[in-house]
1. Can you list which of the chymotrypsin sites (Phe, Trp or Tyr not before Pro) found in the range B:1-55 are DSSP loop residues with at most 14 other C-beta atoms within 10 Å?
2. I need the calculated FRET efficiency for the pair A:Ala2 and A:Asp209, taking r as the beta carbon distance and R₀ as 25 Å, to the nearest 0.05.
3. To the nearest 0.05, what FRET efficiency results for A:Glu178 and B:Arg3 with a Förster distance of 45 Å applied to their C-beta separation?
4. For the range A:231-364, with every protein chain kept in place, what is the accessible area per residue (1.4 Å probe, Å²)?
5. Using a basic spin-label model with each label point 7 Å from the Cα along Cα→Cβ, how many nm lie between B:Tyr206 and B:Ser34?
6. Kindly list the residues of the range A:26-56 that lie in the label zone of A:Glu220, defined by a backbone N under 17 Å from the point 7 Å along the Cα-to-C-beta vector.
7. Specify the residue with the greatest mean-square fluctuation among B:Arg99, B:Arg154, B:Arg38, computed from a Gaussian network of chain B linking alpha-carbon atoms under 10 Å apart.
8. Carbon-plus-sulfur fraction of the accessible area of chain A, 1.4 Å probe, in percent?
Amino acid sequence: MADVVFKNVHKKFGDFIAVEGLDLSIEEGEFVSLLGPSGCGKTTTLRMLAGLEFPSSGEISIGDRVVNDLPPGKRDIAMVFQSYALYPHMSVEKNIAYPLKKRGVPRSEQGPMIARVAEMLQLTPLLSRKPRQLSGGQQQRVALGRALVRDPKVFLLDEPLSNLDAKLRGIMRAELVELHQRLGRTMVYVTHDQLEAMTMSDRIAVMYDKKLQQFAPPQEVYREPANRFVAGFIGMPSMNLIDGDLSQEGDRWMFRSGSISVPVGPLVADARGGEACLGVRPENLLLGEGPTPAVVQLVERTGHENIVVVEIEGGLRMTGRVPASTDWKTGETIQMSIQSEAAHVFAAGPTGRRLNIASVAVRP
Amino acid sequence: MIRRVLFNLMAWAIVLAVAFPLFWMVVTSLKPQSELFRRPPTILPEVTTFEHYWRLLSETNFLTYFQNSVVLSVVTTVVVVSIATLGAYSIVRFKYWGRESLAFLVLFTYLLPSVVLIIPLYLMLVGLGLSNTIFSLVIAYTTFALPYALWLLRSFMAGIPEDLESAALVDGASRMGAFRDVILPQLLPGIISTALFTFILSWNEYLYALVLVNSDNTRPLTTGVMNMLISSFNVEWSLLMAASVMMSVPLIIVFAFLQSYLTRGFGAGGVKG
Ligand SMILES: Nc1ncnc2c1ncn2[C@@H]1O[C@H](COP(=O)(O)OP(=O)(O)O)[C@@H](O)[C@H]1O
Ligand SMILES: [Mg+2]
């Protein structure tokens, strides 16, 4: 059963369009990430769901109830803000108790509920402190505690980990996943960090330039990106995107760009020849073998593998990944080829759709 | 090194220049009449007496004036702070046409010399049937304290993150509830500084009080004391000094307690406004 539904939602601030034609249907108990670069409308989307902004047109419902006209407090949601938004003049305990107090939970019942959450988030020794006496990680837990103390239908989280250091972020990621499994509640999670989205979500809603680009499970977003933007945005290091020309030769399609010439396909029925873009994941760039000579420009050692940037004739640069045992030097000339059966083809333009038919075999 | 010494000297010179009249005021109010005009003057009184204070309290209208001043200043402060708080909230949080220009217009009214407004204001208050009442002074002081208060509170309000209010709304508070539970406590330093400015302004105001109010049971301290102790022929120095000391006491007490808030207020008004 769909729990959260956006139906053709638009949001304008004056003349400025922040979200355009959003259709999104989130299942009950699902963990969904809104992923996209800064300014693409993620926060606005989340705030509309929370009732802090009102859509200019379209319909939003939570659990079969259209909530367009409901104030935030009546939507049965809880939200964690990027800034945490802890009430500075209240102790940790008062902060966590606030949503209970505002919903008329009797004082005698508040105690055990706060204790339970504090226990779960290891906040018990901090209950009497003020927010400014806490570290960033602790403040983050309090913000989480304030959301968890009730049992709302939907949890909304706006980049909750972005202010933490890398290590703590990793820990909190795992904890949030565990929390989601334990509570089984619908969670909508805004982030610009693809690692967070990939590791935590059941499905990812990739947004760009006010619009939803793709809504699919992480593996699908990675393997079958809906368009050029998604292909380039998901994956580290990112996919090589090569602009060139697509043409039909007999019964097969060829992609050409400078010295590159690879067969592609099968393509969708309505694919046309002309300007197009070839997408090759770094792992599908075969370095050290093949017909094309390439000059090594940069070798980045991550420990368990090396990220290698090469340049071929015509000045085109591409990124590949190879085992850590290879020891190429900058300036060295190597051979390479493109694993064309794993390559994608996109129509021209920044969000040109994918033209090759999905589920191409991807060699590891 | 030399520069530091010079700087210190200068600072102390300024402190002395400001403090000496205050010191002299207290000392004079404690000297008996006979010692007042002696030459050379005595720095510390040879005989300390509280007779002037006693005379002031028992034989004059001082207490009535004092009470008028307290009522006047407190009511003005409450009115100004309440309106300015709500106004600042509106200007900062809601988006409507002319919001920014409104804020500047408000500041602009503050640039008008208040003397210019006395006559029209007086005529309006007479028209309202309020002449010669304490309330007419409350209205008059509100007209010139409010713009500044609004401007000051606006910069305090702008410093409160909007997320705090959003969080309270999500947590189930109404807009009024969020305002009361979250905004007001954050605004407290701003409210206190604004209240202090308004209170001091109303407490010390002279010109409007002189023009708008001229019966003995509605006069505030400033005009009341002047009227009673200073005439064309004579100045009652001892009584005047005693009255001045007593006029200053409430301000000094308030200042002592709230000093840190007040300096913060200067900072906010100066930097952000
Ligand atoms: N209250 C607002 N008034 C005007 N423009 C806004 C407002 N909130 C957001 N925007 C604009 O809408 C766009 C999307 O913002 P946002 O949803 O915060 O992006 P994201 O969270 O994806 O970084 C941005 O260009 C931002 O400047
Ligand atoms: Mg955002």
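1. Passing sites in the range B:1-55 are B:Phe37, B:Phe50.
2. Working: r = 26 Å, r/R0 = 1.03.
E between A:Ala2 and A:Asp209, to the nearest 0.05, is 0.45.
3. 0.10
4. Numbers: 6630 Å² over 134 residues.
For the range A:231-364, the per-residue accessible area is 49 Å².
5. Each label point lies 7 Å from its Cα, and together they span 3.3 nm.
6. Residues passing the 17 Å test: A:26-35.
7. Judging by the Gaussian network model, the answer is B:Arg38.
8. On the way: 8070 of 16240 Å².
Ligands and nucleic acids excluded, carbon and sulfur give 50 percent.
The values are calculated or read from the model by the stated rules, or taken from the named source; none is laboratory data. Quick caveat, the model's predicted, so the values are computed rather than measured. Cβ coordinates were reconstructed from backbone atoms using ideal geometry, including for glycine residues, and neighbour counts include every protein chain displayed. For accessibility, only protein heavy atoms count, side chains too; no ligands or nucleic acids. Shrake-Rupley method; radii C 1.70, N 1.55, O 1.52, S 1.80 Å.
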